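Step one of this worksheet: look at the structure below.
The values are calculated or read from the model by the stated rules, or taken from the named source; none is laboratory data. Quantities reported herein were computed from a predicted structural model and do not represent experimental measurements. Quick reminder, even Gly has a Cβ in these numbers, built from the backbone with ideal geometry, and neighbours come from all protein chains shown. All accessible areas refer to the heavy atoms of the entire protein, side chains included, with ligands and DNA or RNA removed. Shrake-Rupley method; radii C 1.70, N 1.55, O 1.52, S 1.80 Å.
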Amino acid sequence: MNGITIALSKGRIFEETLPLLAAAGIVPSENPESSRKLIIGTNRPDVRVVIVRASDVPTYVQYGAADLGIAGKDVLLEHGGAGLYQPLDLKIAKCRMCVAAPAGFDYAAAVRRGARLRVATKYINTAREHFAAKGVHVDLIKLYGSMELAPLAGLAEAIVDLVSSGGTLKANNLVEVEDIMPISSRLVVNQAALKLKRDLLQPVIDAFAGAVK
Ligand code: PRP
């Protein structure tokens with residue numbers, strides 16, 4: 001398609017991307033929180049925004065259905081990054097990936113004993129790498145959301161999830177037992193689109209870079 005298609009997810013990433021878009025002279029004409037539209041126009045007739053699930057942003061950009069996208073490092077690590085140019089850490093939507101367990105569970109002692117732990121997570125690849133690097137034996141259980149419920153319902157002993165304020169862990173009597181990595185959102189660009197439409201895309205990338213500094 002001619003022009004620029006930008007893939008964004010609703011919520012925190014959309015809200016925190018607005019100032020970056022503004023720095024590039026792009027103002028979406030609607031907010032996905034109030035409109036149910038999935039294709040949103042902007043003040044620029046050649047720029048549109050498509051609203052997709054956070055975990056689908058890399059896929060849209062990989063296949064060129066979107067030229068640019070903004071995705072969390074958590075999502076990019078699970079996707080693998082094939083076909084994506086990742087020029088910028090936008091330093092938005094910051095949080096941390098961590099291991100959490102019920103407050104009464106002695107995670108460190110279980111690890112020392114060499115116990116095989118059941119861990120529920122949406123982030124199977126990241127979790128696998130983390131526990132392998134630490135030499136911790138785990139059976140990973142894939143979930144798609146509400147990870148905090150898994151230890152409470154007896155599905156798993158621990159979870160790997162994102163923590164921002166810590167409010168969700170606290171409300172469910174869970175505590176962070178291991179930090180995995182800081183997470184923020186990155187700009188992803190379709191590599192072929194960057195070559196074919198560099199005159200259109202590079203100014204947007206440069207404006208984002210300027211706004212991040
Ligand atoms: C994320 C994460 C935690 C929560 C952490 O879920 O999975 O559940 O936010 O935030 P807090 O530390 O500020 O409480 P999100 O709301 O993004 O939904 P999800 O379960 O679909 O990932």
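In this structure the amide hydrogen of residue 72, modeled in the peptide plane, comes within under 5 Å of the amide hydrogens of 186, none closer than 5 places in sequence on its chain.
Sort the stretch 102-184 into rounded, prolate or oblate with this rule: let a ≥ b ≥ c be the square roots of the eigenvalues of the Cα gyration tensor; rounded if a/c is under 1.5, and if a/c is not under 1.5, prolate when a/b is larger than b/c, oblate otherwise. Judged from the Cα gyration tensor, the stretch 102-184 comes out rounded (a/c under 1.5). Note on the chain: Lys pairs 8 or more places apart or on different chains, Cα atoms under 21 Å apart, count 19. Averaged per residue, the stretch 46-117 has 44 square angstrom of accessible surface, using a 1.4 angstrom probe with ligands and nucleic acids left out. Peptide packing: for 101-112, 1-12, the average count of neighbouring Cβ atoms within 10 Å per residue gives the ranking 1-12, 101-112, highest mean first. Per-residue Karplus couplings for the stretch 12-29, computed as 6.51 cos²θ - 1.76 cosθ + 1.60 with θ equal to phi - 60°, are listed in order as 4, 5, 4, 4, 7, 7, 3, x, 5, 4, 4, 5, 8, x, 10, 10, x, 8 Hz, Gly and Pro entered as x. Other residues whose C-beta falls under 14 angstrom from the C-beta of residue 58 contribute a net charge of -1, scoring Lys and Arg +1 and Asp and Glu -1. Loop-located chymotrypsin sites (Phe, Trp or Tyr not before Pro) in the stretch 20-100 (DSSP state not H, G, I, E or B) with no more than 11 neighbouring Cβ atoms inside 10 Å: 63. Set against the 2.2 N^0.38 Å expectation for a compact globular protein, the stretch 1-104 has a Cα radius of gyration ratio of 1.15. Taking the 1.4 Å solvent-accessible surface of the chain as the whole, the part contributed by carbon and sulfur is 52%. For the peptides 67-76, 26-35, the ranking by mean Cβ contacts within 10 Å, running from highest to lowest, is 67-76, 26-35.
Using all pairs of distinct alpha-carbon atoms, the Kirkwood hydrodynamic radius of the chain works out to 18.5 angstrom.
The string of couplings for the stretch 77-88 from the Karplus curve (6.51, -1.76, 1.60, θ = phi - 60°) is 5, 6, 5, x, x, 4, x, 10, 9, 10, x, 9 Hz, one whole number per residue in order, with x for Gly and Pro.
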